[in-house]
1. Determine, yes or no, whether residue 210 is part of a helix (DSSP H, G or I), at negative phi and out of contact with any helix residue (DSSP H, G or I) (no Cβ under 9 Å at 6 or more places or on another chain).
2. Since residue 183 meets every condition but one in (1) exposed (fewer than 13 other Cβ atoms within 10 Å of the Cβ); (2) more than 23 Å from residue 39 (Cβ to Cβ); (3) within 22 Å of the chain's Cα centre (by Cα); (4) modelled with pLDDT of 80 or more, which condition does it not meet?
3. Can you find a residue that is closer than 26 Å to residue 42 by Cα, assigned to a helix (DSSP H, G or I) and at pLDDT 90 or above anywhere in segment 56-64?
4. Filtering segment 103-117 down to residues that are outside any helix (DSSP H, G or I) and under 26 Å from the mean Cα position of the chain (by Cα), which residue is nearest to residue 57 (Cα to Cα)?
5. Name, by its number, the condition in (1) part of a loop (DSSP other than H, G, I, E, B); (2) touching a His at 6+ places or on another chain (Cβ under 8 Å); (3) not aromatic (Phe, Trp, Tyr) that does not hold for residue 78.
6. Taking the conditions exactly as written (among the aromatic types (Phe, Trp, Tyr) and exposed (fewer than 15 other Cβ atoms within 10 Å of the Cβ)), does residue 97 satisfy them or not?
7. Show the residue pairs meeting these rules: Cβ distance below 6 Å; 6+ apart or different chains; first residue within segment 130-151 and closer than 24 Å to residue 62 by Cβ and without any contact (Cβ under 8 Å) to a residue 40 or more places away in the chain; second residue among the small types (Gly, Ala, Ser) and in a loop (DSSP other than H, G, I, E, B).
Amino acid sequence: MVFKRRTPLTWGRRITDAIYPRTGWRRALEYFVHRLRRLPDTPHKIALGFACGVFVSFSPLFGFHFVYAGLCALIVRGNVLAAFIGTFVGNPLTFPFIATASLGLGRRFLGIHDGPEGFHSVKEGFLGAFSGLWQSLMSLVGVGDPAWDKLAIFGAEIFVPYMLGGILPGLIVAMGSYFLSRPVIAAYQARRRSKLLERAQQKLRQKKDMAAPG
């Protein structure tokens, strides 16, 4: 296959690149911004789609952020590809802050004063939920005892507060990203159109000069 790696990346290398890209987070950010600006759509739709992705980054639906962001973009008629790019606002560097703020805010909304807080609690909660799910599924084929209670505890103490608490900060950051990205995208597209027009006019002049009698 064209462009396929001769030596496939190991899972360890992929995880390391997700935490810290080999080109650095600055280069990775510049790449995503470049891709965002070059999307073929109006500045409004691109910025709106990007904002959808940013909003979704504040949800606990890990593994489904692309799907969630795409659906949000379709609902508000934003650019779906821009929504995918927007989900990268949620990354290993920002998740500790997002999780801590969302979970803490959600617990206060629900009036929960005792229980887990912070990113470590979220990580442990998800690990416990996956363990409980696996144990319960195995029990269906006669291996061990079910542990559905772990999922219930996870839902009440982690998932629901996180989901609820992420709405307000997600909306605030998403709106900020929309108003910041839209003029940048519009300016880039205007400059790009100007350059393309200039090139087209230059080629036209060259053709006229070549066609002119010597």
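The values are calculated or read from the model by the stated rules, or taken from the named source; none is laboratory data. Just so you know, these numbers come straight off a predicted model, no measurement behind them. We place every Cβ from the backbone using ideal geometry, glycine too, and count neighbours over all the protein chains shown.
1. Working: part of a helix (DSSP H, G or I): yes; at negative phi: yes; out of contact with any helix residue (DSSP H, G or I) (no Cβ under 9 Å at 6 or more places or on another chain): yes.
Yes.
2. Checking residue 183 against (1) exposed (fewer than 13 other Cβ atoms within 10 Å of the Cβ); (2) more than 23 Å from residue 39 (Cβ to Cβ); (3) within 22 Å of the chain's Cα centre (by Cα); (4) modelled with pLDDT of 80 or more, the one that fails is (2).
3. Yes, there is a match, as at least one residue in segment 56-64 is closer than 26 Å to residue 42 by Cα, assigned to a helix (DSSP H, G or I) and at pLDDT 90 or above.
4. It comes out as 117.
5. (2)
6. yes
7. 132/147; 135/144; 135/147; 136/147; 138/144
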